[in-house]
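Student: Here it is, the structure, as structure tokens.
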Amino acid sequence: MIKNLYRTVKNLFQRPSTKIGLGVLVMGGFIAGAIAWLGFNTALHATSKEEFCLSCHSMHDNLLPELQKTVHWSNRTGVRTRCSDCHVPHNFTDKIARKMQASREVWGELIGTIGTREKFQEHRIVLARREWKRLSANGSRECRVCHDYKDMDFNVMRPASQVAMRRAAERDESCISCHKGIAHQLPDMKGAHNPAFDTLVSAASGQNIEAGGEYFAILPRDLFTDPQMTQKIGLLEVGAKVKMLETQGNMQRVELDLWRKNKGYGRVWYSQFGLNITSAILEKTVSRDDNLVKVLEAQEDLLTGLEWQRVKAEVWMQAESLLASPEPIWSIARSSYSSSCSTCHRQPQEAHFDANTWPGLFGGMVGFTSMDEDTAKVVLKYLQNHSSDFSETAHGNDATKGAVQTARP
Amino acid sequence: MKTSMNTTSEMTTGNRKEWLSFLLLAFIVLPTVMVGAIAIYGFAVWGLQILVFGPPS
């Protein structure tokens, strides 16, 4: 059977033609080749059309309505951007490679990987990450087919755009490092997961814990009154310091020794007197409960006139979430800070601001970045804990002064 | 070869067979091989992008 097939194929290619003239063969072959190429190109073109993209339900139901709300769908100049303008590479090799990658997407559509809106929302961060990686690697080449720095008149841009865009042009930066979510809703960063945290988790599971030692939380953790986790009484934040009391199975009793403002429920607990570095947030129901919370001393903050109380509580939390040193946490935060916050301006020195100023500044900026919620919290803690309140070389350092000024044209 | 083409009937069958082969080669085999080769090329580039090159620049 196979041998037969082999012979047929061999004959087809090797037996010389006896009846059909050479010219006819060449012409026929040429015409056939031309038709085949034409057909191939038509197919390539057809599979780059918007209609083709939208023939899959997951694309039509999720991405189209989002795109339709943006300036790339309809604008005053009437230039419409199609899915393929942004998503299909324009040179042959990369385009073909991309089309082959689509085999995975066809398979996904068939088995319904993102068959519903919920599934899509859950999975889209993975997809978005791929596109971000691609667009960073090629310097957002697809965007720049339509708008490139060399053709931009920065003077007619909105004032808000000018500083950032001039600087981007100077460094010939990839558009996507600042313009994420330009065509679709951004993925829900809450569900996003910074893979760097995985190393912390494995470090924590190997951490040798001793009663009486001081440890730092690597992840936000729920707090309970008892090891059976019957009553949740609050949340311990990343980087918070606790004192180990005892371990029971996979639960640990720890002592919190923190500060709070003596007003309202007093549920937010800070790591130091006078500094708004949140360490724990207690439930309203227990934050004034004398059985749980012991007030050790009180002190007035002269700046705000508020009374601060040093408070102590013994609580239960899940094991394997503590490290003896906060340094591994800060090093993750540091790298996230320097990569995310240096795209528009040099990242300000940590010690250029004090711990109570950082939250406001950071909150105004974090929206420009793609940090997920957990990472953002850690980075803010990092900045506060390395702010001028903690640094001997605070202010005075000339290098820090220029940090933001250089962002101006 | 020569002897088999003595009669007209054999000539027409030989003729027909040859045309059939030609059409098969030109309009079925050629496009298939072309699309196949490009697909293999595409998959190869994709594979290399995953393993070696990273995303295209």
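The values are calculated or read from the model by the stated rules, or taken from the named source; none is laboratory data. All values derive from a computational prediction rather than experimental measurement. No Cβ is skipped: glycine too gets one built from the backbone with ideal geometry, and neighbour counts run over all protein chains shown. Note: areas computed on protein heavy atoms with side chains; ligands, DNA, RNA excluded. Shrake-Rupley method; radii C 1.70, N 1.55, O 1.52, S 1.80 Å.
Student: Can you tell me which residue in the stretch A:81-104 is surrounded by the fewest Cβ atoms within 10 Å (Cβ to Cβ), limited to those that are charged (D, E, K, R) and closer than 20 Å to A:Met59 by Cα?
Tutor: Pass one, the stretch A:81-104, residues charged (D, E, K, R): A:82, A:85, A:94-95, A:98-99, A:104.
Filter once more, so that each one left must be closer than 20 Å to A:Met59 by Cα: A:82, A:85, A:95, A:98-99, A:104.
Working: A:Arg82: 16, A:Asp85: 18, A:Lys95: 17, A:Arg98: 20, A:Lys99: 19, A:Arg104: 11.
Among them, the one singled out is A:Arg104.
Student: Which residue, of A:Arg334, A:Arg288, is modelled with pLDDT of 85 or more, within 30 Å of A:Ile176 (Cα to Cα) and basic (Lys, Arg)?
Tutor: Working: A:Arg288 fails: within 30 Å of A:Ile176 (Cα to Cα).
Going through A:Arg334, A:Arg288 in turn, the sole match is A:Arg334.
Student: If we scan the stretch A:268-285, do we find a residue that is part of a helix (DSSP H, G or I), out of contact with any Gly (no Cβ under 7 Å at 6 or more places or on another chain) and of a type outside the set (Asp, Glu)? Please lay out each step first, then the result.
Tutor: Here is the first cut: in the stretch A:268-285, the ones part of a helix (DSSP H, G or I) are A:284-285.
Of the ones still in play, those that are also out of contact with any Gly (no Cβ under 7 Å at 6 or more places or on another chain) are A:284-285.
Filter again for of a type outside the set (Asp, Glu), leaving A:284-285.
Within the stretch A:268-285, one or more residues are part of a helix (DSSP H, G or I), out of contact with any Gly (no Cβ under 7 Å at 6 or more places or on another chain) and of a type outside the set (Asp, Glu).
Student: Being modelled with pLDDT of 90 or more and touching a helix residue (DSSP H, G or I) at 6+ places or on another chain (Cβ under 6 Å) narrows it down to one of A:Glu327, A:Glu320, A:Glu350, so name that one. Don't jump to the end; show me each part of the working.
Tutor: Values: A:Glu327 fails: touching a helix residue (DSSP H, G or I) at 6+ places or on another chain (Cβ under 6 Å); A:Glu320 fails: modelled with pLDDT of 90 or more.
Exactly one residue qualifies, and that residue is A:Glu350.
Student: Considering the stretch A:337-363 alone, what residues qualify as being aromatic (Phe, Trp, Tyr) and closer than 20 Å to A:Ser177 by Cα? Working first, answer last.
Tutor: From the stretch A:337-363, those aromatic (Phe, Trp, Tyr) are A:337, A:353, A:358, A:362; that's our starting set.
Within the stretch A:337-363, A:Tyr337, A:Phe362 meet the criteria.
Student: Let me ask another. Taking the condition away from chain B (no Cβ under 14 Å) and either out of contact with any Phe, Trp or Tyr (no Cβ under 9 Å at 6 or more places or on another chain) or open to solvent by 50 Å² or more (accessible area, probe 1.4 Å) (or both), does A:Gln185 pass?
Tutor: yes
Student: Can you spot a residue in the stretch A:196-212 that is surrounded by fewer than 14 Cβ atoms within 10 Å (Cβ to Cβ), modelled with pLDDT of 85 or more and on the phi > 0 side of the Ramachandran plot?
Tutor: yes
Student: At least 2 residues that are among the hydroxyl-bearing types (Ser, Thr, Tyr) and closer than 23 Å to A:Asp172 by Cα in each: list the helices (runs of 4 or more DSSP H) lying fully within the stretch A:324-388 that qualify. Give the derivation first.
Tutor: Working: elements: A:327-340, A:358-365, A:373-385.
It comes to A:327-340.
Conditions tested, residue by residue: (1) at pLDDT below 90; (2) part of a helix (DSSP H, G or I); (3) more than 9 Å from chain A (Cβ to nearest Cβ).
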{"residue": "B:Ser4", "(1), (2), (3)": "yes, yes, yes"}
{"residue": "B:Met11", "(1), (2), (3)": "yes, yes, no"}
{"residue": "B:Asn15", "(1), (2), (3)": "yes, yes, no"}
{"residue": "B:Glu18", "(1), (2), (3)": "yes, yes, no"}
{"residue": "B:Leu23", "(1), (2), (3)": "no, yes, no"}
{"residue": "B:Val35", "(1), (2), (3)": "no, yes, no"}
{"residue": "B:Tyr41", "(1), (2), (3)": "no, yes, no"}
{"residue": "B:Val45", "(1), (2), (3)": "no, yes, no"}
